[in-house]
1. Using alpha carbons only, how many degrees (0 to 90, rounded to 10) separate the axis of helix A:56-67 from the longest principal axis of chain A?
2. Select from region B:8-75 those GluC sites (Glu not before Pro) which occupy a DSSP coil region and have at most 12 other Cβ atoms within 10 Å, ordered by residue number.
3. Quick one: what are the phi-derived ³J(HN,Hα) couplings along region B:228-241, Karplus 6.51/-1.76/1.60 with θ = phi - 60°, whole Hz, x for glycine and proline?
4. Please list 3J(HN,Hα) in residue order for region A:301-315, calculated via the Karplus relation 6.51 cos²θ - 1.76 cosθ + 1.60 where θ = phi - 60°; whole Hz, with x for glycine and proline.
5. Compute the helix-to-body angle for A:256-271: its Cα long axis versus the longest principal axis of chain A, expressed 0 to 90° and rounded to tens.
6. Shape of region B:4-114 from its Cα gyration tensor (a ≥ b ≥ c, root eigenvalues): rounded if a/c is under 1.5, otherwise prolate when a/b > b/c, or oblate?
7. For a quick check: sort A:Asp298, A:Asp120, A:Asp186, A:Asp148 by the number of other beta carbons within 10 angstrom, fewest at the front.
8. Name the shape class, rounded, prolate or oblate, that the alpha-carbon gyration tensor gives for region A:242-335, where a ≥ b ≥ c are the square roots of its eigenvalues, rounded holds for a/c under 1.5, and otherwise prolate holds if a/b is larger than b/c and oblate otherwise.
Amino acid sequence: MKSLMMKGNEAIAESAIRAGCRLYFGYPITPQSEIAEYMARRLPEVGGTFLQTESEIATVNMVYGAACTGKRVMTSTSSPGFSLMQEGISYIAGAELPCVFANIARGGPGLGDIQPAQSDYFQATKGGGHGDYHLIVLAPSTLQEAVDLTQLAFDLADEYRNPVLILADGMIGQMMEPVVLPPMRDISSLPDHSEWTLTGTSGRRPHRIAAFNIDPHGLEEMNRRYQEKYKRIKQKEQRWEEYEVEGAKYLLIGYGTIGRILKSVVDNLRGKKIPAGLFRPITLWPFPYQRLREIAEDVEFVFVVEMSAGQMVEDVLLAVEGKAPVHFYGRMGGVVPTPEEILLAFERLRR
Amino acid sequence: MDSKVIFKRPRSLSDKEFTYCPGCHHGIVHRLIAEAIDELNIQDKTIMVAPVGCSVFAYEFFNVDGTVAPHGRALAVATGIKRAMSDRVVFTYQGDGDLASIGIAETIHTANRGEKLTTIFINNAVYGMTGGQMAPTTLLGQRTTTTPRGRSVENDGYPFHVSELLSTIPGVAYLARVTVSSPRDIQSAKESIKKAFLAQMKGVGFGLVEVLSICPTNWGMSPVEAQRWLLENMVKEFPPKIFVDRVGES
Ligand code: SF4
């Protein structure tokens, strides 16, 4: 198969189109605007629709509307924009609509800066909007993985009728790497949602979609259904990568960009005969608690690295359940830590 | 004796009982929309977007596919539906709090894109469901729960004129302000609603009908007093008028 040199943002956009995405609504924000620009160029070529909206608030609601018709739809944004979308995401989760979001995250809080960061983890995995709901959150660490997870994102959204978030940082969005693109999916082969979509009543009773029930018992019933679904997702969709975990005494943990940096740290340590391994969560929700717990039984300590003040480390602590000490190293504000500084921090812990 | 049905429930209205207060104009306007949909023969390809507010249940009152948008976002949701399925007829039903306050950006931009959508805009100069607070359209001097001394320019600014504002936007194909306070007004309101649907069906652009309505509950009046108050006060501030009609030009 032929590989192509592509920028991360463009690779995600092209992969989405090949997954059958024909509708994109979006509002420009650095460092992900290339996704919108790519969609503006490419979607009309495949009979799709691109619309630049007046705001992220309008964007997320257009995504909601398009998702009501059962067609594959996505948007992309970066951290402050993702914050603005939270209300709509809560509605979309409640209405159980399939759609895909890409948050190419940057430093915060507030306007922050435009450099890569991982400080949207809480917002992405713990809710963000109001109510008891979850997105499925996928975190690629290479561009090939970004391409593959974009395909998976649309399929999971369809399978569970749930919004799926691709959480990458500005590094993934802006870097270039060779990727192998999947073939173009045949739109007519995509899952049929005609039993619930809003398409006009022709020959049937009206379909109604709403994240709304004025009766508390009715609303509790809806929530029970959501929770049942989340349980199924937790059972079936946990994904992670293990690298040199066999016989590891020290377990390094990081996702996305940090995952790839930690790989070279592990290589370096293994080169010095220090038994380190890497555990890289790919689904941040559902978080791979169980497998991590198993591995943690046999290690001397766990070392979590994030480009944040420490958000995923809370999930690691929950997973490890005190079976091993958990240490944390983080950089904030859009600073990407170097392998050397991570090594230094690690060596300090070992002493 | 043979009997003949000369008046019945429109096909496009469901059996569900309205949840509106006695005398409220929502009921009349719902019926007019349903009749318009029946007469245009578009029931099976119409999709509605209900708002937040008293009419949040509207998606259950019509025999068409429907959804509920977040507060103010009905026109963004409708845009998403329409862009996904351009051959369907999509309409929103929104109150003044929804369309003119929290959702004014969506309203203006949807109109400006000339989105092929229809909006029925219920202007009763007050927030209904939340218990009678000031709306952007509340009249000067009008008492509400959040303007207990009457709306003042100094504190609250002026009544917001949505139709006048939208009339300057080229994407608007049909725009009218109507009342439903007399049988004759009801007839012409229905003609306007049909025209607003035709504006999207013919692909000319965005259609909106502003309906001056009463809220007897929050105005603290009987329905009859409320009708009188509307005719004596609201129509002075918001004169009924056809602002734009480009439907015929297509
Ligand atoms: S509160 Fe006012 S607008 Fe709402 S249903 Fe009652 S009368 Fe109608």
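1. Roughly 60 degrees between the two axes.
2. The qualifying sites are B:Glu17.
3. So the Karplus estimates, Gly and Pro as x, are 5, 4, 4, 5, 8, 10, 5, 5, 6, 6, 10, x, x, 5 Hz.
4. Per residue, the Karplus-derived 3J(HN,Hα) values read 7, 10, 10, 9, 10, 9, 8, 6, 6, x, 10, 4, 4, 5, 5 Hz.
5. 20
6. Oblate.
7. A:Asp186, A:Asp298, A:Asp148, A:Asp120
8. In terms of gyration-tensor shape, oblate.
Coordinate-derived values only; no laboratory data. These figures come from a predicted structure and were not determined experimentally. FYI the Cβ positions are ideal-geometry reconstructions off the backbone, even for glycines, and counts take in every protein chain you see.
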